[in-house]
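Report on the structure given below.
The values are calculated or read from the model by the stated rules, or taken from the named source; none is laboratory data. None of these values were measured; they are calculated from a predicted model. Please note: Cβ atoms are built from the backbone with ideal geometry, for glycine as well, and neighbour counts cover all protein chains shown. Remember, those area values only see protein heavy atoms, side chains included, never the ligands or the DNA or RNA. Shrake-Rupley method; radii C 1.70, N 1.55, O 1.52, S 1.80 Å.
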Amino acid sequence: MPVATREWQLAARPHGEPTPEDFRLVELERPDPADGQIVVRMLAMSVDPYMRGRMNAGKSYAAAWEVGETMKGGAVGRVVASRSPAVAEGALVLADAAWRDVAVLDARHVRVLPELPGVPASYHLGVLGMPGLTAWVGLFRLAEFREGDTVFVSGAAGAVGSLVGQFARLNGAAAVFGSAGTPEKVRWLTDELGFTAAFDYHDGPVAQQLRTAAPDGIDVFFDNVGGEHLEAAIGAFREFGRGALCGAISGYNAVEAQPGPRNMFMMVTKKLSLRGFIVGDHADMRDDFIAKVTPLVTSGELVVRETVREGLDEAVPAFLDLLRGGNTGKMVVRLAD
Ligand SMILES: NC(=O)c1ccc[n+]([C@@H]2O[C@H](COP(=O)([O-])OP(=O)(O)OC[C@H]3O[C@@H](n4cnc5c(N)ncnc54)[C@H](OP(=O)(O)O)[C@@H]3O)[C@@H](O)[C@H]2O)c1
C-alpha cells in the first residue's frame, strides 16, 4: 500500500545567496518497492557546499537541478524492507538519495556499510565518507604531502578542512596553519585539533595574517575557499610549493565571475604546482583511505565533530546555515535514531 511521505524540491533558482523561498517541502505518495528495490528509513542526510552549484542553471561540478526537481544528496539509513537478495533487511546503507526521511531505492545503487561499534552512522557522511576522502585525496595525491611540509588549510574548521589539518599533523607536518570564520573556530583548531596557529579571516587581510602566522612560508596549500585566500597562499609559498584546489566557497553565491589572483606570475618564479580535483575521480583511493582512517576514528586519535540539526524540516535551514559558516566540522541533518 503506498503511504504518504515528504521531500524537498528546488522551487526557484537563487540569485546570489539562496533563501528559504528557493525550496519547497512537498507531500507525495511513496510507492511500494518493486523487485530489486529496498525501502530505507534514513538516519541522517548530508548538506554540502556542492549543492549550491546544483541550484544554478548550467553545469557546475555536478549537473544542475531543474526547478521542481527533488533535492538529492548523501544519506545513510536502515533497510526496513527488501525485495533484493543483495541487500538484507536491517542493513545499514549509504545512498545518493532524495531529501526524504524514507526512500524506495534500487538496491544496486546503495552501498552496504559495515557496522562499526561506537561510530555514529552519520560519520559515513563526513569523516568516513565523501568529505573525508576529499581531504585524503587532496592532501596526499594532489598536493603530494610529505613529512616535514608546512601546510596551510583554508576553511579549516569545516568538514574537509578539519580533517586535512589533522591528517597533515598525524603524518609529520612541520607545522599546520588554518583560517576560519569565527574566534571559536580558531580556538578549536589550535586547542583541540593541534594546528600550530590559526586566524579569523575577518580580522584583516589574509595575506598579512598568513605572513604573521607562517613567516617562513608554506610548502602545501589546501584550498576550500578561493579568492583572497588563494592569492595569499601563492604569495606565501616557498619554491616548489604544491596546492590542492578543492573548492572556492567564497565565490559560490557570486552573481558575476570572480577575479583571479593578481600574483599568478609567482607560479613561474617559485615553480609552483596547483592542481584542481573532484573527489569522484579518485575512488581508487577509497579502500586505502577507509583502512587507514577507521582506526583513527575508533581510537579517538582523530577529533571528529559534527553540527547536527534535527528532522527533515531543518534540512533547508541547515543547508543555508552551512553556506554562512553555521557549522563546525560536518553539518548533518538527523532524521531518525
Ligand atoms: N573537489 C571536491 O571533490 C570537493 C569535495 C567536497 C568538498 N569540496 C569543497 O570543499 C570545501 C569545503 O567543503 P565542506 O563540505 O568541508 O564544507 P564546510 O567547510 O564544512 O562548510 C562550508 C564552510 O565554508 C565557509 N565559508 C562560507 N563562506 C565563506 C567565505 N566567503 N569565505 C571563507 N569561508 C567561507 C564557512 O566556514 P567559516 O565560518 O570558516 O567561514 C562554512 O562553514 C567547499 O569549497 C566544497 O565545495 C570539494
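Each row is one residue, and each column tells you yes or no for (1) closer than 26 Å to Gly16 by Cβ; (2) not acidic (Asp, Glu).
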position	(1), (2)
Ala236	no, yes
Cys246	yes, yes
Glu256	yes, no
Glu301	no, no
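Of everything in the range 231-251 that's in contact with a Leu (Cβ under 6 Å, 6 or more places away or on another chain) and part of a helix (DSSP H, G or I), which residue is nearest to the ligand (Cβ to nearest atom)?
The selected residue is Ala232.
Criterion first (free of Cβ contacts under 8 Å to residues at least 60 places away in the same chain, part of a strand (DSSP E or B) and surrounded by 13 or more Cβ atoms within 10 Å (Cβ to Cβ)) does Leu25 satisfy it?
On the way: free of Cβ contacts under 8 Å to residues at least 60 places away in the same chain: no; part of a strand (DSSP E or B): yes; surrounded by 13 or more Cβ atoms within 10 Å (Cβ to Cβ): yes.
Spelling it out, it is not the case that Leu25 is free of Cβ contacts under 8 Å to residues at least 60 places away in the same chain, part of a strand (DSSP E or B) and surrounded by 13 or more Cβ atoms within 10 Å (Cβ to Cβ).
Which one is most open to solvent (accessible area, probe 1.4 Å), of the residues in the range 132-159 that are within 8 Å of the ligand (Cβ to nearest atom) and closer than 10 Å to Asp223 by Cα?
Gly155
Which residue pairs have Cβ atoms closer than 6 Å, lie 6 or more positions apart in sequence or on different chains, and pair a first residue in the range 101-127 that is within 23 Å of Ala86 (Cα to Cα) with a second residue that is outside any loop (DSSP other than H, G, I, E, B) and of a type outside the set (A, V, I, L, M)?
Val102/Thr5; Val102/Arg41; Val104/Gln37; Asp106/Gln37; Leu113/His124; Leu125/Ser46; Leu125/Gly74
List the residue pairs whose Cβ atoms are under 8 Å apart, where the first residue sits in the range 255-275 and is more than 18 Å from Pro205 (Cβ to Cβ) and assigned by TED's automatic domain parsing to the domain that holds Gly138, the second is among the aliphatic types (A, V, I, L, M) and exposed (fewer than 13 other Cβ atoms within 10 Å of the Cβ), and the two are 6 or more positions apart or on different chains.
Note: no pairs meet the criteria.
Restricting attention to the range 3-22, report how many residues are outside any strand (DSSP E or B) and open to solvent by less than 60 Å² (accessible area, probe 1.4 Å). So that I can check it myself, show each step before the final result.
Pass one, the range 3-22, residues outside any strand (DSSP E or B): 11-22.
Filter once more, so that each one left must be open to solvent by less than 60 Å² (accessible area, probe 1.4 Å): 11-12, 14, 16, 18-19, 22.
Going through the range 3-22 one residue at a time, the tally reaches 7.
Among the residues of the range 276-290, count how many are under 15 Å from Val119 (Cβ atoms) and free of Cβ contacts under 8 Å to residues at least 40 places away in the same chain.
Of the residues in that region, 0 qualify.
Restricting to the range 201-230, name every residue that is among the aliphatic types (A, V, I, L, M) and either within 8 Å of the ligand (Cβ to nearest atom) or not assigned by TED's automatic domain parsing to the domain that holds Gly181 (or both). I'd like the intermediate steps shown before the answer.
Filtering the range 201-230 for residues among the aliphatic types (A, V, I, L, M) gives 206-207, 210, 213-214, 218, 220, 225, 230.
Within the range 201-230, Val225 is the sole residue that qualifies.
If a residue has to be away from the ligand (no atom under 16 Å from the Cβ) and in contact (Cβ under 8 Å) with a residue 12 or more places away in the chain to count, how many in the range 293-315 make the cut?
Narrowing the range 293-315 to residues away from the ligand (no atom under 16 Å from the Cβ): 294-301, 310-314.
From what's left, in contact (Cβ under 8 Å) with a residue 12 or more places away in the chain: 294, 296-298, 301, 310-314.
Residues flagged as away from the ligand (no atom under 16 Å from the Cβ) and in contact (Cβ under 8 Å) with a residue 12 or more places away in the chain within the range 293-315 amount to 10.
Give me the residue from the range 181-200 that is within 9 Å of the ligand (Cβ to nearest atom) and touching a residue at least 40 places away in the same chain (Cβ under 8 Å) and, out of that set, farthest from Asn263 (Cα to Cα).
The qualifying residue farthest from Asn263 (Cα to Cα) is Lys185.
Could you please tell me which pairs satisfy a Cβ distance under 8 Å, a separation of 6+ or placement on different chains, a first residue in the range 320-337 that is closer than 24 Å to Leu189 by Cβ, and a second residue that is at pLDDT below 95 and near the ligand (Cβ under 6 Å from one of its atoms)?
none
Any idea which of (1) open to solvent by less than 40 Å² (accessible area, probe 1.4 Å); (2) more than 22 Å from the chain's Cα centre (by Cα) is the one Ala121 doesn't satisfy?
The number of the failed condition is (2).
Counting residues that are within 16 Å of the chain's Cα centre (by Cα), which helices (runs of 4 or more DSSP H) fully inside the range 257-333 reach at least 2? Quick ask: steps written out before the conclusion?
Working: elements: 265-269, 286-298, 315-323.
Ranges flagged: 286-298, 315-323.
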